[in-house]
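Enquirer: Supplied in structure tokens, the structure appears directly below.
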Amino acid sequence: MRKAVSPQRDAFARLMGGIAQLPGLAEEDERYFRDIYDHLIRISDLIDSYRDLLTGAMDVYLSTVSNRLNSVMKQLTIIATVFLPLSWLTGFFGQNFGFMVRHIGRWETFIGLGFGSELLVLAALLLFFKRRGWF
């Protein structure tokens, strides 16, 4: 709309300056063209104001989407942070280290250390997240 109205407005503005030299046009025609020019100015102003309004609405929408994305990324970060130490502990206790083979003789102790350390780390992370207000 802006591309269609702006050239017409400019053409009528140029026409308003030299209307007296055109043959066959009376003062009534000059008032008619001035009225058209006024309407074109109003339409152009309305188009600009609607464009500003639409730009503001689009900015609000994009800000809302960005905030929602930040919330999702925060939740995914918390999940990744919880599973990273658990994966490391699972991998560590899955190895056959000489210390573990010599000093941990019973399977109850091995499972207690493996699951106990994972549960302890998980509880510490959840407590930390809860105190920070992340969830």
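Enquirer: Apply 1/(1 + (r/R0)^6) to the Cβ-Cβ distance of THR77 and ASP48, taking R0 = 41 Å, and write down the FRET efficiency to the nearest 0.05. Walk me through the numbers before you get to the answer.
Expert: Numbers: r = 43 Å, r/R0 = 1.04.
Efficiency, rounded to the nearest 0.05: 0.45.
Enquirer: Hey, can you list the DSSP H helices of the chain whose Cα span along the axis is 20 Å or longer and whose average Kyte-Doolittle score is at least 1.0? Walk me through the numbers on the way to the answer.
Expert: Working: long enough: 2-17 (23 Å, -0.57); 27-93 (98 Å, 0.13); 107-132 (37 Å, 1.02).
Once both thresholds are applied, what remains is 107-132.
Enquirer: Rounded to the nearest whole Å², what accessible area per residue is found for the chain with the 1.4 Å probe? Present the calculation step by step, with values, prior to reporting the outcome.
Expert: Working: 10870 Å² over 135 residues.
Per residue, the chain has an accessible area of 81 Å².
Enquirer: Please calculate the 1.4 Å probe accessible area of THR109, with all protein chains present, and give it to the nearest 10 Å².
Expert: Approximately 60 Å² of THR109 is accessible to the 1.4 Å probe.
Enquirer: Let me ask you something else. Taking the Cα centre as origin and putting +1 on Lys and Arg beta-carbons and -1 on Asp and Glu beta-carbons, what dipole magnitude results for region 23-135, to the nearest 20 debye? Don't jump to the answer; show the numbers that get you there.
Expert: Numbers: 11 positive and 12 negative charges, 352 e Å.
The calculation lands at about 1700 debye.
Enquirer: Still on this structure, I have one more. What FRET efficiency comes out for the pair LEU126/ASP59, r = Cβ-Cβ distance, R0 = 35 Å, nearest 0.05? Kindly include the intermediate steps, with their values, before the conclusion.
Expert: Details: r = 37 Å, r/R0 = 1.06.
Once the sixth-power term is evaluated, E becomes 0.40.
Enquirer: What number, rounded to the nearest 500 deg cm²/dmol, is the helix-based mean residue ellipticity at 222 nm of the chain, given -39500 (n - 2.57) per DSSP H run of at least four residues and division by all its residues?
Expert: Details: 4 runs with 115 residues, N = 135.
The per-residue figure over the chain is -30500 deg cm²/dmol.
The values are calculated or read from the model by the stated rules, or taken from the named source; none is laboratory data. All values reported here derive from a predicted model rather than from experimental measurement. Heads up, the Cβs are rebuilt from the backbone with ideal geometry, glycines too, and the neighbour counts pull from every protein chain shown. Ligands, DNA and RNA are excluded from the accessible area calculation, which covers all protein heavy atoms including side chains. Shrake-Rupley method; radii C 1.70, N 1.55, O 1.52, S 1.80 Å.
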